[in-house]
Amino acid sequence: MKQSLLKSEHSHHRIPRAQTSRLNPFDGRGRSVADRRRNHGAVGRLEPEDFRRRWSLLLISNFATRELCAVHFGVTFQTSCNWFDGLRTPTGDVVDFAAHSLPNYAAVMWGK
């Protein structure tokens, strides 16, 4: 008699166990997303709206046109327009490049 590769004669059907971990006593506190972000957010982290506004100001102060901004960062003209208008935020690699290539990055983004 051949054994199946998927089922051996020593396999047993297991009955599912009940939950063994204790319930979290802090579940259901009814805290909003904003409260959780405020209490557990990173220190010095900008809110998305504030970051978009500062990023837009940084670009406006460094580039005469949106085309120059697009060329500097290697992005499309539309992406540059979205940044100038404060509609979208850049990815981390773009922010890092800006921090190293734009002389007034810290002054505009962090007020230093």
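The values are calculated or read from the model by the stated rules, or taken from the named source; none is laboratory data. Here the structure is a predicted model, which means the values were calculated and not measured. Cβ sites come from the backbone with ideal geometry, for glycine too, and all protein chains shown count toward neighbours. In case anyone asks, the SASA skips ligands and DNA or RNA and just uses the protein heavy atoms, side chains included. Shrake-Rupley method; radii C 1.70, N 1.55, O 1.52, S 1.80 Å.
Look through segment 41-62, keep the residues that are of a type outside the set (D, E, K, R), surrounded by fewer than 16 Cβ atoms within 10 Å (Cβ to Cβ) and modelled with pLDDT of 90 or more, and return whichever of them is nearest to the chain's Cα centre (by Cα). In this case the residue turns out to be L57. Within segment 80-109, restricting attention to residues that are among the aromatic types (F, W, Y) and either in a loop (DSSP other than H, G, I, E, B) or free of Cβ contacts under 8 Å to residues at least 40 places away in the same chain (or both), which residue is nearest to S61 (Cα to Cα)? Taking the candidates together, the pick is F84. Scanning segment 63-79 for residues that are assigned to a helix (DSSP H, G or I) and either touching a Ser or Thr at 6+ places or on another chain (Cβ under 9 Å) or open to solvent by 90 Å² or more (accessible area, probe 1.4 Å) (or both) yields a total of 10. Within segment 24-40, not a single residue is modelled with pLDDT under 95, surrounded by 10 or more Cβ atoms within 10 Å (Cβ to Cβ), of a type in the set (D, E) and under 18 Å from A99 (Cβ atoms).
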